[in-house]
1. Give the angle, between 0 and 90 degrees and rounded to the nearest 10, that separates the Cα long axis of helix 84-97 from the longest principal axis of the Cα atoms of the chain.
2. When 1/r is averaged over all different Cα pairs and the result inverted, which Kirkwood radius in Å belongs to segment 89-202?
3. Can you work out the Karplus-derived ³J(HN,Hα) for every residue in segment 144-150? Use 6.51 cos²θ - 1.76 cosθ + 1.60 with θ = phi - 60°, whole Hz, and x for glycine or proline.
4. For n ≥ 4 DSSP H runs only, could you compute -39500 (n - 2.57) per run for the chain, divide by its residues and tell me the 222 nm figure to the nearest 500?
5. Mean-square fluctuation check for the chain, GNM, Cα pairs under 10 Å: which of Asp102, Asp81, Asp205 is largest?
6. To the nearest 10 degrees, how steep is helix 152-161 against the longest Cα principal axis of the chain, on a 0 to 90 scale?
7. Could you list which residues have their amide H under 5 Å from that of His76, counting only those 5 or more apart in sequence or on another chain, with H placed in the peptide plane?
8. Taking only C-alpha pairs under 8 Å that are 6+ residues apart, what is the relative contact order of segment 12-106 in percent?
Amino acid sequence: MELQGQSRISRFKEEAYRGILEMSLRLSLGPRGSFAKFPYWGIETNCGSGENEKSKCDGSPIEFLKVMTLNNRHYHAIFCDKDGAKLRALYQRIISMGCPVDPDTITLLEMDNSHMFSRVRSKIESTETLRHAVGSVFCDSNGPSPKTGFALEAVAEFSSRCPKIDVIINVNVTGIHRALGVKDERPRYQKFRDKISKWPAKSLDEVISCIRRPKEGWLIREPLFTRGGTSGYMYVLLVARSIATKGSSILKLHPLMSAKGLEILEEARRRKPE
Ligand SMILES: C[S@@+](CC[C@H](N)C(=O)[O-])C[C@H]1O[C@@H](n2cnc3c(N)ncnc32)[C@H](O)[C@@H]1O
């Protein structure tokens, strides 16, 4: 099994994901807890094996299950990865936590995540209406190319049908800006230009405009860098909701349209390709 493209910062990503899930879970309960009887749908593209060996921490699906269990929330998780070995390792981890892998609680899908959403939709529709379903979809590819499983278009299409499902995206901003490095029009760069033309987004702004949620519904997290200080690859976590919500100083999460949010966006725009 390949390592899942992790680094020393994976631990901080998981901490942020856990905090974002807790926020999302509280919101999903609705006024006076009136939606608590409905499941929280936890959907993850690029779910991985449930462990980040380099950073020695749990992976996102395990974080998800821990948050649901601690909060005693009724959930339905759908985890997808194209790597069967990672899913088998995840299955073992889930079993050892005592969580049930059955079609009504946890579904593991071994497939390209751009194809998973038709399965997700029919699962949700078998019990409730898509537009009322609550939960989150986490999109966590290592890079921006379709080869790394950056399923932006599929997530955008799904999220437009499910306005109450939060979209959480981890974006490799430095990787994305490689596209900006290919402005050179000489023929020898043609191959690279062809490849990049297939990327679903070539900037953080394009990622944001692809998911059709109101600007006030977006939160942006202070960036993480794969090396010390502000060197290495820059990763930015985004959360898209249909309604405006407050940020969190503990989670370093800011409304996109706040002064700090716009500053982060500007910093990402200036980020040079490696
Ligand atoms: C950064 S890792 C995921 C880490 C995981 N979300 C976590 O936080 O523990 C990226 C994962 O994407 C998976 N992947 C890459 N391309 C994919 C695709 N087209 N469809 C589904 N999964 C893909 C890889 O197998 C790898 O497990």
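1. The answer is roughly 40 degrees.
2. Details: mean 1/r = 0.0606 Å⁻¹.
The Cα-based Kirkwood calculation yields 16.5 Å.
3. x, 7, x, 4, 8, x, 7
4. On the way: 9 runs with 94 residues, N = 274.
When only DSSP H runs of four or more count, the value is -10000 deg cm²/dmol.
5. Ranking Asp102, Asp81, Asp205 by mean-square fluctuation puts Asp102 first.
6. Long axis of 152-161 versus the principal axis of the chain: about 40 degrees.
7. The list, which skips near neighbours in sequence, is Tyr40, Trp41, Gly42.
8. 29
Each value in this text was obtained by applying a stated rule to the coordinates, not by laboratory testing. In this text the structure is predicted, and so the values were computed from the model without any measurement. Glycine also receives a Cβ, built like all others from the backbone with ideal geometry; neighbour counts cover every protein chain displayed.
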